[in-house]
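Novice: Submitted below is the structure of interest, expressed as C-alpha cells.
No lab work stands behind these numbers, since they all come straight from the coordinates. As the structure is a computational prediction, the values presented were derived from the model and not from experiment. Glycine also receives a Cβ, built like all others from the backbone with ideal geometry; neighbour counts cover every protein chain displayed.
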C-alpha cells in the first residue's frame, strides 16, 4: 500500500499557520492599522476634543427628565384606571391584594415624577440664568413639569374607608 504524501489538501493545511503568522508580521511592520480598505486612518489634527457647553448639558438633563415624566405620567394614568376598577371590588384582605400592590406602584410613580419635576425646575433655572434658550421655551418646559407634578405627584389616591374600620 502506497501512501500519497504530497496531496494538495495536506500541504495547504500545513501552510495555513505560517501564512497567518506572515500576515500578522506584515501588518505589524507597517505601523498603523487599516480601516476596512480605506487606508490608514489616523486622527485628523484639526479636531480637538472639547467639553460640551453648560447649556447643552442643561438641555440634555431637562429634556431627558421631561421625557421620563411624560412616560411615567402615562403609566400612572393607566395604573390609576386599573386601580380604581379594582377598588370597586373587594379582592384583598386588607394587607395584600392586587389593588394594594398597584397602590405601591402608583406611589413609586408619584415619587419618580416629583423627583424628575424638581430636577427639571433646577436645570431650567440654571439654563435661564445663562440665557441658554428663550424665556418662553424655558417657561413652557417648566410649566409642563409643574403641571405633571400637580396632576400626578400631588394626586391623592382614593382609599376605601371600610379598610380603616
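Novice: Where Rh denotes the Kirkwood radius from the mean inverse Cα pair distance, what is Rg over Rh for segment 54-156? Let's see the in-between values first.
Specialist: Working: Rg = 16.8 Å, Rh = 14.8 Å.
Result: Rg/Rh = 1.14.
Novice: In nm, what is the difference between 0.36 nm times the number of residues separating residue 130 and residue 63 and their Cα-Cα distance?
Specialist: Gain in length upon complete extension: 22.4 nm.
Novice: Could I ask something else about it? What ranking do 134, 68 get, fewest neighbouring Cβ atoms within 10 angstrom at the top?
Specialist: Exposure proxy ranking, most exposed first: 134, 68.
Novice: Report the full-extension gain for the segment residue 107 to residue 56: residue separation times 0.36 nm, less the Cα-Cα distance, to one decimal in nm.
Specialist: My answer for the length gained is 15.1 nm.
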